[in-house]
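Single-structure report; data block below.
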Amino acid sequence: MNKVLLIFLLTSSSSVYAQRPTDTEYLSMMDRAAEIMYSGEHRRADSIFHVVLRNLKVLPAELAFYFGRNSFYLEKNKQAINWLNKYIELKGTKGQYFDESIQLLEVANSRFATERQEDVAEVLAELNRDTRIECPTGRMLCPVCNGSGVLIKEGKFEPIYQTCPFSGGDGFLTCDEYNLFLRGELAPEEELR
């Protein structure tokens, strides 16, 4: 009776290890995710593609295209650009999805450039907002001369020392001057030569 129990335990424990899908099964999952993607269920396809990406040891070029295309429709433009470029890099101009990849890349690059411009505009708007930094001591170290009060410029034969045009040789700015400097509104007292 103990032998029967031991044999049962050995066979049942080996089936636990056999439950991990094989690469062939992951490739089948990739194909199923592609069908789901083409049916318009991009979020569902994305989650399946992620499982396949994490578990396949060698990624087929088609997966690069599918994941890039799906990312495009999820408006993950940078990701789409990366994966579609990877597909073209792997397959070249002879790849089955080359033409579609190029079309998707044109739109994704345009959308990504627009996103970047919007990000820059948002940052500029934030910087131009009248935010004020409170100075704990009423004075701040001059960011131009780093508190030295002078700027050193290379001359033809020897260094040329010049009084810092922002701190006036003091090396410090008042809190108001510092805030103006951060907004780009503090004019130097004299131009650098």
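The values are calculated or read from the model by the stated rules, or taken from the named source; none is laboratory data. These numbers come from a predicted model, not from an experiment. Quick reminder, even Gly has a Cβ in these numbers, built from the backbone with ideal geometry, and neighbours come from all protein chains shown.
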Item to check | Qualifying positions in the range 149-178 - among the β-branched types (Val, Ile, Thr) and closer than 12 Å to Glu189 by Cβ | outcome: Thr163
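Conditions tested, residue by residue: (1) surrounded by 15 or more Cβ atoms within 10 Å (Cβ to Cβ); (2) outside the structural domain of Leu124 (by TED's automatic domain parsing); (3) within 36 Å of the chain's Cα centre (by Cα).
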residue	(1), (2), (3)
Val144	yes, yes, yes
Val150	no, yes, no
Phe157	no, yes, no
Cys164	yes, yes, no
Ser167	yes, yes, no
Phe172	yes, yes, no
Tyr178	yes, yes, yes
Pro188	no, yes, no
Checklist entry - Any idea which residue in the range 61-118 is farthest from the chain's Cα centre (by Cα), counting only those that are hydroxyl-bearing (Ser, Thr, Tyr) and surrounded by fewer than 19 Cβ atoms within 10 Å (Cβ to Cβ)? => result Thr93
Next on the checklist: Which of the strands (runs of 3 or more DSSP E) found entirely inside the range 76-172 contain at least 3 residues meeting this: modelled with pLDDT of 90 or more and aliphatic (A, V, I, L, M)?
Outcome noted: none
Item to check | Candidates Ile36, Ile133 - the one that is closer than 30 Å to Gly149 by Cβ, of a type in the set (A, V, I, L, M) and either surrounded by fewer than 10 Cβ atoms within 10 Å (Cβ to Cβ) or over 24 Å from the mean Cα position of the chain (by Cα) (or both) | outcome: Ile133
